[in-house]
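What follows is a short report on a single structure.
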Amino acid sequence: MSDKHDINTYEKLALGASFFLEESFKYLDLALRDELTTILFSELLENIEPSKEDEKIFDKLNLPETPIGLLQSDSLEVISDETTKIMFDAWDNAQARAEKEKYKFGLDHKIDSIQILGHLNNFGFFMETIINRHLLFLNQSKIIDDPSYSKISVSRIMERIKYIFKDESNENKVPLNEVQNLFRLRNKTVHFTPDNAKLLKPKISQLMKIWTQCTKLVEKLEQKENFNELNFSKQIINYSRGIQNKWN
């Protein structure tokens, strides 16, 4: 079954895992920069006084009260051109400052930036790629026979993980609650329904718990594989420390 996969398959899967992992933390950094931009922009908005022209527009303004009504409304002019330019300048200012200024978010901060989709998706893809490669290793090591490999390799990701760690899980040696939480969050990004779009605001502390448990899981896989390569568990630690040192 797996004889068609040689060293190139392992290398390609490793490259894919590295790509997904790097991208996931790039998106998280962008998400937190977006959050800071919003904070700075809100502060700048407080200092913008409406002009007399704005007040005239406000007096005449009659916007619909429903979301659909607002989306279909032709009343696009809600502030004067002059104030619009000031607000655009304030946004540009906030973006520029967010790239340079230091800011520390609390662990309970909920990430609302759309960029969080990139982190959750890519970190989930990273973990799934690592699991897929380990299953191939188990098959080629004759630990999993071909029929079992054919079945388990196409099952749901948590079923694959539980299969790999079935002995350890039964003895409570490998907790998987945060790993399961990761894939619940990723499913919300894959199925980006109205409810999921509104509710998907993970806390920084929640993400940190996911990274910690995933690191331990990957470490156990690496111990079994004993491959002579840069450990992915160490890469998770390095990326997560970089984010924490910068933003927490």
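I'd like to verify a number: residues in the range 214-244 that are within 19 Å of R133 (Cα to Cα) and part of a helix (DSSP H, G or I), how many? Explain how you work it out, then say what you get.
Within the range 214-244, the subset within 19 Å of R133 (Cα to Cα) is 214-236.
Okay, now just the ones that are also part of a helix (DSSP H, G or I), so 214-225, 232-236.
Selection size over the range 214-244: 17.
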- What tally of residues in the range 184-193 results from selecting those that are open to solvent by 60 Å² or more (accessible area, probe 1.4 Å) and of a type in the set (K, R)? 2
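Quick check on I57: is it in a helix (DSSP H, G or I), over 30 Å from N248 (Cβ atoms) and open to solvent by less than 30 Å² (accessible area, probe 1.4 Å)?
The answer is yes for I57.
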- Query: Restricting to the range 1-54, what's the tally of residues that are at pLDDT below 90, of a type in the set (A, V, I, L, M) and open to solvent by less than 60 Å² (accessible area, probe 1.4 Å)?
  - Reply: 1
- Note on the structure: Filter the range 4-54 for residues that are of a type in the set (S, T, N, Q) and assigned to a helix (DSSP H, G or I); the one that is farthest from I111 (Cα to Cα) is N8
- So which of T212, T193 ends up being farther than 18 Å from F20 by Cβ and touching an Asp or Glu at 6+ places or on another chain (Cβ under 9 Å)? T212
- Any idea which of N139, N181, N196 is farther than 21 Å from V218 by Cα, open to solvent by less than 60 Å² (accessible area, probe 1.4 Å) and assigned to a helix (DSSP H, G or I)? N196
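Whether any residue in the range 164-175 is part of a loop (DSSP other than H, G, I, E, B), at pLDDT 95 or above and open to solvent by 30 Å² or more (accessible area, probe 1.4 Å) is what I want to check. Reasoning before the result, please.
Just the residues of the range 164-175 that are part of a loop (DSSP other than H, G, I, E, B), to begin with: 165, 171-175.
Still in the list and also at pLDDT 95 or above: none.
No, every residue in the range 164-175 fails to be part of a loop (DSSP other than H, G, I, E, B), at pLDDT 95 or above and open to solvent by 30 Å² or more (accessible area, probe 1.4 Å).
Give the residue, chosen from S150, S205, that is open to solvent by 20 Å² or more (accessible area, probe 1.4 Å) and at pLDDT below 95. Steps first, answer last, please.
Working: S205 fails: at pLDDT below 95.
On inspection, the qualifying residue turns out to be S150.
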- Screening K173, K198, K203 for residues that are within 14 Å of the chain's Cα centre (by Cα) and closer than 30 Å to N248 by Cβ leaves only K203
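Just checking, does the range 70-79 include any residue being charged (D, E, K, R) and open to solvent by 90 Å² or more (accessible area, probe 1.4 Å)? Spell out how you get there, then give the answer.
Filtering the range 70-79 for residues charged (D, E, K, R) gives 74, 77.
When the remaining residues are screened for being open to solvent by 90 Å² or more (accessible area, probe 1.4 Å), the result is 74, 77.
Checked against the condition, which is being charged (D, E, K, R) and open to solvent by 90 Å² or more (accessible area, probe 1.4 Å), the range 70-79 yields at least one hit.
Residues to consider are E11, E55, E22; find the one that is touching a residue at least 24 places away in the same chain (Cβ under 8 Å) and either among the acidic types (D, E) or in contact with a helix residue (DSSP H, G or I) (Cβ under 7 Å, 6 or more places away or on another chain) (or both).
On the way: E11 fails: touching a residue at least 24 places away in the same chain (Cβ under 8 Å); E55 fails: touching a residue at least 24 places away in the same chain (Cβ under 8 Å).
Exactly one of E11, E55, E22 is touching a residue at least 24 places away in the same chain (Cβ under 8 Å) and either among the acidic types (D, E) or in contact with a helix residue (DSSP H, G or I) (Cβ under 7 Å, 6 or more places away or on another chain) (or both), namely E22.
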- Query: Looking at the range 84-123, which of the residues that are closer than 25 Å to Q206 by Cβ and of a type in the set (K, R) is surrounded by the most Cβ atoms within 10 Å (Cβ to Cβ)?
  - Reply: K110
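The values are calculated or read from the model by the stated rules, or taken from the named source; none is laboratory data. Fair warning: this is a prediction, and the values are worked out from it, not measured in the lab. Heads up, the Cβs are rebuilt from the backbone with ideal geometry, glycines too, and the neighbour counts pull from every protein chain shown. These area figures cover heavy atoms from the full protein model, side chains too; ligands, DNA and RNA do not enter into them. Shrake-Rupley method; radii C 1.70, N 1.55, O 1.52, S 1.80 Å.
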